[in-house]
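Nothing in this text is a laboratory measurement; each read-out follows from the coordinates by a stated rule. From a predicted model like this one, the values you see are computed outputs, not experimental measurements. No Cβ is skipped: glycine too gets one built from the backbone with ideal geometry, and neighbour counts run over all protein chains shown.
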Amino acid sequence: MFWERTIELSLDCFVCERVDRTTVLKWGAERAVCVSGRDDQHFTAARIAAFDVTSEEDRLMVKSVVDFWWAPFHDAKRGNPATPVSRWVRLHYGRFCPHKESSGKGSIQTNVQRPGPVHCGECKTRIATDAEAPSIRLLV
């Protein structure tokens with residue numbers, strides 16, 4: 001298994017003035033994409049500043065630092081106040097099954113019950129265990 005260098009965060013976007021927007025960040029990109037509707041998206045001021053992978057015998061870990069601009073506002077549709085803390089994150093990974101010699105992709109996110117298995121998409125062999133929820137900390 002390996003970590004993909006794409007992160008999705010729930011951020012409050014001061015550009016479209018909406019809260020809880022899915023924001024897609026890719027390593028190396030100078031800006032992120034706020035997905036503000038089914039087909040509606042726009043750039044926003046966020047980027048992956050650091051992406052560090054640690055491998056141990058029985059685990060694969062990632063630590064990432066995300067820089068983003070934030071300004072106070074109230075949601076343009078519902079009036080809720082914006083907050084600088086993300087409530088949700090999704091991390092993407094790639095996987096390889098040695099039994100079928102096939103590869104695939106998957107993701108883990110904060111709002112999924114754990115522990116949970118990661119299976120091969122073809123033969124359903126357990127490849128890994130999603131043991132721990134990703135955590136989010138606000139650094140100021």
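So for the chain, if I pair up every lysine 8 or more residues apart or on another chain, how many of those pairs have alpha-carbons under 21 Å apart?
Details: 26/63; 26/105; 63/105; 100/124; 105/124.
Close lysine pairs found across the chain: 5.
What you get for segment 54-120, charging only the Cβ of Lys and Arg (+1) and of Asp and Glu (-1), is a dipole of about 320 debye around the Cα centre. Seen from residue 44, the other residues with C-beta closer than 11 Å to its C-beta sum to a net charge of +3, counting Lys and Arg as +1 and Asp and Glu as -1. For residue 121, neighbours were defined as the other residues whose beta-carbon sits under 10 Å from its Cβ, and their charges (Lys and Arg +1, Asp and Glu -1) total +3. Rounded to the nearest 20 debye, the dipole size of the chain about its Cα centre is 240 debye, using +1 on the Cβ of Lys and Arg and -1 on the Cβ of Asp and Glu.
Peptides 54-62, 24-32, 6-14 ranked from most to least packed by the mean count of surrounding Cβ atoms within 10 Å: 6-14, 24-32, 54-62.
When volume of the Cα convex hull per residue in Å³ is computed from the coordinates, the matching label among (i) 109; (ii) 131; (iii) 119 is (ii).
Remark on residue 62: its backbone amide H falls under 5 Å from those of 54, a criterion applied only to residues 5 or more positions apart or on other chains, H modelled at 1.01 Å from N.
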